[in-house]
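The values are calculated or read from the model by the stated rules, or taken from the named source; none is laboratory data. Since we're looking at a predicted model, the values are computed, not measured. Glycine gets a Cβ as well: all are built from the backbone with ideal geometry, and neighbour counts include every protein chain shown. Quick note on the areas: whole protein, heavy atoms, side chains included, nothing else; ligands and nucleic acids left out. Shrake-Rupley method; radii C 1.70, N 1.55, O 1.52, S 1.80 Å.
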Amino acid sequence: GALGIMLGCCYRLSCVAFLCPYWYLLLLDKTSWNNHSYLYGLLAFQLALLGADRYGSVDGLFRPQKRNAHVPLWNYALLRAQVGVPAPGPPWGWVWGEDEEGEADAEEGPVARLVLSEELTSRLVVHGGGLVLDLSAGFLLFFDATRPLALVFVTYFHCMNSQLFSIGAPPAPFKSPSAIAGAPRYPHKSPPFRTTPNPLILGRGTPQPPEITPRLGRGTWGPPNTPCCGGPCPLLVRGVETPLCSVTPPASPQGYNNWTNGLYGYSWDMMVHSRFHQHVKITYRDGLTGEVGYLKPGAFTQSRRWRDHADMLKQYSVCLSQLLPRYNVSQPQIYFDVWVSINERFQQRLVDPRVDLVRAPWSPWTPTPWLLPLLVDLSPWRQRLQELEAQLDGHTDTVFIADFPGLHLENFVSEDLGNTSLRVLRGQVLVELVEQQQNRSLQEGEGMQLPAGQYHKVHTVSAEPSCYMYLYVNTTALQLERNLTRLRELRERVRNGTEQSPLPPELRPILGEPLPAGVPLDPVVSLFLRREQREQRRERDSSPAQRLRRFLRRKFFLFRRSALMTLIALRNLALGRPAPERLAQEVAFASWR
C-alpha cells in the first residue's frame, strides 16, 4: 500500500491497502500506542480523500484525465492544518524548565553555554525557544515571505531531534511535509522545466482556516480479540470513544486519568513527562488458602506500559487472575505496588497496595478510587533535592521517597551496598528491622544506618505524607574502581621505570604481553583490558564511510526483524500459535544481529 501511494499506482486501492491493516494493527495493541502512530493514521486517512496522484504518477500514464490534472486548494489546506495543529505549544511547567530536566540538559549546546549559564540556557534556549518554534512554525511556513526562514529553523529542529533523542521516525516524516507549505508552483517554478501548463496551480480562493482536531479519549470497546492468556485477554485491545471525524471534544474519560489527563495520549505534548520507576512489586494471594507469593513484574507480557495506566493495571490483573489457577492458585487476588517519580519529584506510590485490583471497581466515566494522588504539594522540593544531590561525592548515590500516612515501604539492602543510611526530610517514620526485630522512630532531620543483606520496613506514622532519602555507597563497585586505578598507576610506573619489583605473571597482560601458559587470567585484569580497548576505539575517528556502513547495517537488521516478525504474526493468525519454545526460537532468530 505504501509503495502504491508513493508511485501513484492504483492510488485509491493502495490507500485502502495501507489504511486498513495499519489501523487494525494500531488498534490491536494498546501498549504500543503513541501520538506519532496516531498522527500517521490520520494522515493516511486524509490521503485517501485527496488527489495526490495527479502529477508524476503511474496512474497518470494510463489515465489521461488524471495526468497533470487540477489539484483543489483544500487538499493542501487539509494537510497543512493537520501537520500544523499537533504543535500547540508545551505546558507552562515545561516552558519554565520545571519538567523534563534530563531532555533539556541533552539539548543544551556548548555555544549557548559560553554566553549563558546552564540554567538560563535551559530556560531560554531550550524551553523558551521550543515554545516560540511550536507556536510560530505553522504560521511562518504558511506565508511566502517567512517560509525560507521557517524552513531553516524547522529543518534544524528535526535534524537535532534525530541526533539527540531516540524517538523513532518522527524527524524524517516531519521534514518532508514542509514541502506542502511551499508555493503552488513549487518545486517546478522555473520556466525551463515546464513544457506543459503547471499541474500544481491551484484554484482561486483563499485557504480555509484549519479545523481544530479534537483530542479524543481512550477506551476499550468491543470483545477482546487477541490471545494473551491462552484465550481472549482485554490487555491487548484499544478502541476510540468518539468517531474519528467528531468536531466536538468528547466527555472526559476520567477512568483513564492518573497523574496526567486521559486525553494526554491523543495530544502532541511530546517529551513533557519523564518517569523513573524505582520499585514495582506484584503480590498474589490465594483466595482459599491465604498463601502469599510474588510475581516477576511483566510476567506473561513483554510490555512495561501497564505500570503507568489504571486501565492497563486493571486488565493486567484480570489477565493474571485467569492464568494463576493453572499454577495451583485458587481465586487469586492481585496487588500492585508501583513506585515512580515524575519529572524528578520524589519516588511515590501510584496505586494503593492494599486493594485487590481483580475485584476493584473501574469505569471509564468515573475517577479511579484506588489510584493515589500525585503529591503536588511536594513539588517545590525538586530544587532542594537537586541541591542535596549536588553535595554528594562521585561514589555516593541517593533515592528520595515520599509515602502516604498508614502505608509502609518494604526494602532490601544488597550486600554490595555496605554503607547505606536513611534520613528523614519531613514527617515521622518508624523503621522496622525485620531480622533483628527492632523498631526505631525517626523525626524530621534524624537518620540511621541500615544493615546490609537484610530487609527493613519504613512505616509512615505522621498525619501528613513523609519524605525521606536513602544514601548508599556501592562498596563492591568502589573497590573495583580502586583496583582498576591501581593497575593503571602500576602500568605507568613500569613504563617510566619507577617500578623496581617485577610484575607477577597474572599482571603481565596490562603491558600488552601474552599471559604465560597455565596462568589463569585475573577477572580484574580482564575488565581492565576491555576498558582500555573501548577507550582506544572511542579515540579513533571513524571515517564518513564507516559511519554510513554502521548506519546501513543497523537499518538492515531493523527492517529484517520487522519483516520476520510480520511473517511470524501472519503465520500465527493463519495457522495458530506454535509451542512457546519454538516461538521463542523464532523471535530470537528474528532479533539476531
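The conditions are (1) farther than 26 Å from Asn257 by Cα; (2) open to solvent by less than 60 Å² (accessible area, probe 1.4 Å), and Asn328 fails exactly one of them. Which is it?
Condition (2) is where Asn328 drops out.
Would you check if there is a residue in region 473-487 being small (Gly, Ala, Ser) and open to solvent by 60 Å² or more (accessible area, probe 1.4 Å)?
no
Can you find a residue that is modelled with pLDDT of 85 or more and among the small types (Gly, Ala, Ser) anywhere in region 418-431?
Yes, region 418-431 contains a residue that is modelled with pLDDT of 85 or more and among the small types (Gly, Ala, Ser).
Pairs under 6 Å by beta carbon, first residue open to solvent by 30 Å² or more (accessible area, probe 1.4 Å) in region 286-299, partner among the basic types (Lys, Arg), six or more apart or different chains?
The qualifying pairs are Val292/Arg285.
Spot the failing condition for Gly102; the list is (1) over 14 Å from Ile5 (Cβ atoms); (2) at pLDDT 85 or above, and only one is missed.
With (1) over 14 Å from Ile5 (Cβ atoms); (2) at pLDDT 85 or above applied to Gly102, the lone miss is (2).
Does Arg491 fit the bill of being of a type outside the set (Gly, Ala, Ser) and open to solvent by 70 Å² or more (accessible area, probe 1.4 Å)?
Here the answer is no, as Arg491 does not meet what is asked.
Anything in region 6-46 that is open to solvent by 20 Å² or more (accessible area, probe 1.4 Å), assigned to a helix (DSSP H, G or I) and of a type in the set (D, E, K, R)? List them, or say none.
Selection gives Arg12 alone.
For (1) more than 29 Å from the chain's Cα centre (by Cα); (2) modelled with pLDDT under 90; (3) basic (Lys, Arg), each residue gets a yes or a no:
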site	(1), (2), (3)
Ala2	no, no, no
Cys20	no, no, no
Leu26	no, yes, no
Asp29	no, yes, no
Ser37	no, yes, no
Tyr55	yes, yes, no
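Any idea which residue in region 124-149 is most open to solvent (accessible area, probe 1.4 Å), counting only those that are among the β-branched types (Val, Ile, Thr) and in contact with a helix residue (DSSP H, G or I) (Cβ under 8 Å, 6 or more places away or on another chain)?
Val125
Look at Asp356 and say whether it is over 26 Å from Glu464 (Cα atoms) and either in a strand (DSSP E or B) or open to solvent by less than 30 Å² (accessible area, probe 1.4 Å) (or both).
Spelling it out, it is not the case that Asp356 is over 26 Å from Glu464 (Cα atoms) and either in a strand (DSSP E or B) or open to solvent by less than 30 Å² (accessible area, probe 1.4 Å) (or both).
Given Arg582, Arg561, which one is over 30 Å from Thr396 (Cα atoms), exposed (fewer than 11 other Cβ atoms within 10 Å of the Cβ) and not assigned by the TED database to the domain that holds Thr396?
Arg582
Before we move on, is Asp416 charged (D, E, K, R) and in a loop (DSSP other than H, G, I, E, B)?
For Asp416, the condition - charged (D, E, K, R) and in a loop (DSSP other than H, G, I, E, B) - is met.
Confirm whether Phe589 is open to solvent by 60 Å² or more (accessible area, probe 1.4 Å) and of a type in the set (A, V, I, L, M, F, W, C).
yes
Just to check your reading of the model, which residue among Leu409, Leu425, Leu417, Leu372 is more than 19 Å from Val340 (Cα to Cα) and either within 31 Å of the chain's Cα centre (by Cα) or in contact (Cβ under 8 Å) with a residue 12 or more places away in the chain (or both)?
Leu417
With respect to Leu79, is the statement that it is more than 22 Å from Ser341 (Cβ to Cβ), at pLDDT 50 or above, open to solvent by less than 50 Å² (accessible area, probe 1.4 Å) and in the same structural domain as Asn34 (by the TED database) true?
Criteria met by Leu79.
Does region 366-389 contain at least one residue that is surrounded by fewer than 17 Cβ atoms within 10 Å (Cβ to Cβ), touching a helix residue (DSSP H, G or I) at 6+ places or on another chain (Cβ under 7 Å), over 28 Å from Arg285 (Cα atoms) and of a type in the set (A, V, I, L, M, F, W, C)?
Within region 366-389, none of the residues are surrounded by fewer than 17 Cβ atoms within 10 Å (Cβ to Cβ), touching a helix residue (DSSP H, G or I) at 6+ places or on another chain (Cβ under 7 Å), over 28 Å from Arg285 (Cα atoms) and of a type in the set (A, V, I, L, M, F, W, C).
Condition check: under 19 Å from Gln278 (Cα atoms) and of a type in the set (S, T, N, Q). Does Gln454 satisfy that?
Spelling it out, Gln454 is indeed under 19 Å from Gln278 (Cα atoms) and of a type in the set (S, T, N, Q).
Which of the residues spanning region 427-463 are touching an Asp or Glu at 6+ places or on another chain (Cβ under 8 Å), closer than 23 Å to Glu389 by Cβ and surrounded by fewer than 17 Cβ atoms within 10 Å (Cβ to Cβ)?
Once the filter is applied, which keeps residues that are touching an Asp or Glu at 6+ places or on another chain (Cβ under 8 Å), closer than 23 Å to Glu389 by Cβ and surrounded by fewer than 17 Cβ atoms within 10 Å (Cβ to Cβ), region 427-463 yields only Ala452.
Are there any strands (runs of 3 or more DSSP E) wholly within region 419-477 with 2 or more residues that are among the charged types (D, E, K, R) and touching a strand residue (DSSP E or B) at 6+ places or on another chain (Cβ under 9 Å), and if so which?
Where strands (runs of 3 or more DSSP E) fall fully within region 419-477 and carry at least 2 residues being among the charged types (D, E, K, R) and touching a strand residue (DSSP E or B) at 6+ places or on another chain (Cβ under 9 Å), they are 419-426.
Looking only at region 271-316, which residues are among the basic types (Lys, Arg) and assigned to a loop (DSSP other than H, G, I, E, B)?
Of everything in region 271-316, those that are among the basic types (Lys, Arg) and assigned to a loop (DSSP other than H, G, I, E, B) turn out to be Lys296, Arg304.
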